[in-house]
Amino acid sequence: MTCSAPIAIGVCAALLAPSNGLVFHSAVPHDRLPNQAIAGALPAQEPALLRAVFDAKTCTLQINGRSIKLYGKYQLVDSFPDFTVRQVERFADLKVQRVKRFPDKCGKWQEVQRFPDFKIKMVRNFPDLKVKYVDRFPGTRVAIPQR
């Protein structure tokens, strides 16, 4: 490929037209035209929406740059939850025991109307976390090795 508009020794000014119709002007080495130059000339894309990542060892949920501990006081909301939850009977990420006092261990949740540690919304599809409500032995199925 020949350089149509040299601006320096070994560098071309290339007009690149991506699929969205916008045209970007970029200075790229002429030996990198056209395919490899497109990747470097396109503007940085916005980060994709972050998925929730459940960490069973620390009993936290990483979502939208926040680390939410999965024990404590929670509030059921219809809008603006910290994360979404689906109740399941099998293949749960977390076993949850609803308590009236002392929600201080992994999987122990106390429902409150004010001043929650986290807010949840119950959904049927595409939850951030799947829970199973239990009467005993809350927490995860992951055994943490003793030192």
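When the residues of the stretch 123-137 are filtered to those that are touching a strand residue (DSSP E or B) at 6+ places or on another chain (Cβ under 6 Å) and free of Cβ contacts under 8 Å to residues at least 60 places away in the same chain, which remaining residue is farthest from Arg86 (Cα to Cα)?
Filtering first and then ranking leaves Val134.
Take the stretch 48-79 and flag every residue that is among the hydrophobic types (A, V, I, L, M, F, W, C), under 18 Å from Arg114 (Cα atoms) and surrounded by fewer than 17 Cβ atoms within 10 Å (Cβ to Cβ). Give the derivation first.
Our first condition is that a residue be among the hydrophobic types (A, V, I, L, M, F, W, C); within the stretch 48-79, this holds for 48-50, 52-54, 56, 59, 61, 63, 68, 70, 76-77.
Those still in the list that are under 18 Å from Arg114 (Cα atoms) too: 68, 70, 76-77.
Scanning the stretch 48-79 gives Leu76, Val77.
Here's a check for you: in the stretch 85-94, which residue that is out of contact with any Phe, Trp or Tyr (no Cβ under 6 Å at 6 or more places or on another chain) and crowded, with 18+ Cβ neighbours inside 10 Å is nearest to Pro116 (Cα to Cα)?
At the first step, the residues of the stretch 85-94 found to be out of contact with any Phe, Trp or Tyr (no Cβ under 6 Å at 6 or more places or on another chain) are 85-92, 94.
Keeping just the survivors that are crowded, with 18+ Cβ neighbours inside 10 Å gives 85, 92, 94.
Details: Val85: 16, Ala92: 23, Leu94: 19 Å.
The extreme case among them is Val85.
Would you tally the residues in the stretch 63-74 being outside any strand (DSSP E or B) and in contact with a Lys or Arg (Cβ under 9 Å, 6 or more places away or on another chain)? It would help to see each step written out before you state the result.
In the first step, residues of the stretch 63-74 are kept if they are outside any strand (DSSP E or B); the result is 64-65, 70-71.
Filter once more, keeping what is in contact with a Lys or Arg (Cβ under 9 Å, 6 or more places away or on another chain): 71.
Number satisfying all stated conditions: 1.
Every number here is computed from the coordinates shown, using simple stated rules; none is lab data. As the structure is a prediction and not an experimental result, all values here were calculated from the model. Every residue, glycine among them, receives a Cβ derived from its backbone with ideal geometry; neighbour counts consider all protein chains shown.
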